[in-house]
């Protein structure tokens, strides 16, 4: 039988930072929930890809944009941009970058 799980996004179980970005993580019923903050000028390739040694992000994501704008380009060339209040599912094999001056 499945069990419903609810909790506050605190206490943070893991905090980390890379150039121009931070992440916070909590565990929720065996799943991980992240809050990501990207500063203006952040790009996956320059600020995360260089750290990971990869040209494209190998991880899938389900995102809700709280503020700012994020552009995404898939390895097949397709693109999308999301802003405040918009959700997106991003499969592995993508690049991403902030658009504008809001985090």
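Before we move on, is residue 85 loosely packed, with under 15 Cβ neighbours inside 10 Å, over 13 Å from the mean Cα position of the chain (by Cα) and either under 19 Å from residue 103 (Cα atoms) or without any contact (Cβ under 8 Å) to a residue 24 or more places away in the chain (or both)? Don't jump to the end; show me each part of the working.
On the way: loosely packed, with under 15 Cβ neighbours inside 10 Å: yes; over 13 Å from the mean Cα position of the chain (by Cα): yes; either under 19 Å from residue 103 (Cα atoms) or without any contact (Cβ under 8 Å) to a residue 24 or more places away in the chain (or both): yes.
Answer is yes for this residue.
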Which members of segment 83-103 meet the condition of being in a strand (DSSP E or B) and more than 18 Å from residue 45 (Cβ to Cβ)? 87, 88, 89
Among the residues of segment 20-40, how many are assigned to a loop (DSSP other than H, G, I, E, B), modelled with pLDDT under 95 and either in contact with a strand residue (DSSP E or B) (Cβ under 7 Å, 6 or more places away or on another chain) or within 13 Å of residue 64 (Cα to Cα) (or both)? 0
Take segment 57-75 and flag every residue that is over 15 Å from the mean Cα position of the chain (by Cα) and either within 21 Å of residue 32 (Cβ to Cβ) or part of a strand (DSSP E or B) (or both). none
Pairing a residue in segment 32-47 that is on the phi < 0 side of the Ramachandran plot and touching a residue at least 40 places away in the same chain (Cβ under 8 Å) with any residue that is surrounded by 15 or more Cβ atoms within 10 Å (Cβ to Cβ) and not in a strand (DSSP E or B), where Cβ atoms lie under 7 Å and the two sit 6 or more apart in sequence or on different chains, gives 37/103; 38/20; 38/103; 39/20; 39/103; 40/103; 42/20
Options 28, 70, 18; residue that is surrounded by 11 or more Cβ atoms within 10 Å (Cβ to Cβ), over 16 Å from residue 93 (Cβ atoms) and in contact with a helix residue (DSSP H, G or I) (Cβ under 6 Å, 6 or more places away or on another chain): 18
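To keep it simple, each residue is scored yes or no on (1) within 19 Å of residue 96 (Cα to Cα); (2) touching a helix residue (DSSP H, G or I) at 6+ places or on another chain (Cβ under 7 Å); (3) part of a strand (DSSP E or B); (4) at pLDDT 95 or above.
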position: 4; (1), (2), (3), (4): no, no, no, no
position: 8; (1), (2), (3), (4): no, no, no, no
position: 51; (1), (2), (3), (4): yes, no, no, no
position: 55; (1), (2), (3), (4): yes, yes, no, no
position: 77; (1), (2), (3), (4): yes, no, no, yes
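The values are calculated or read from the model by the stated rules, or taken from the named source; none is laboratory data. Only a predicted model underlies this, so the values are computations on that prediction, with no experimental measurement involved. Using ideal geometry, Cβ is built from the backbone for each residue, glycine included, and neighbour counts are taken over all protein chains shown.
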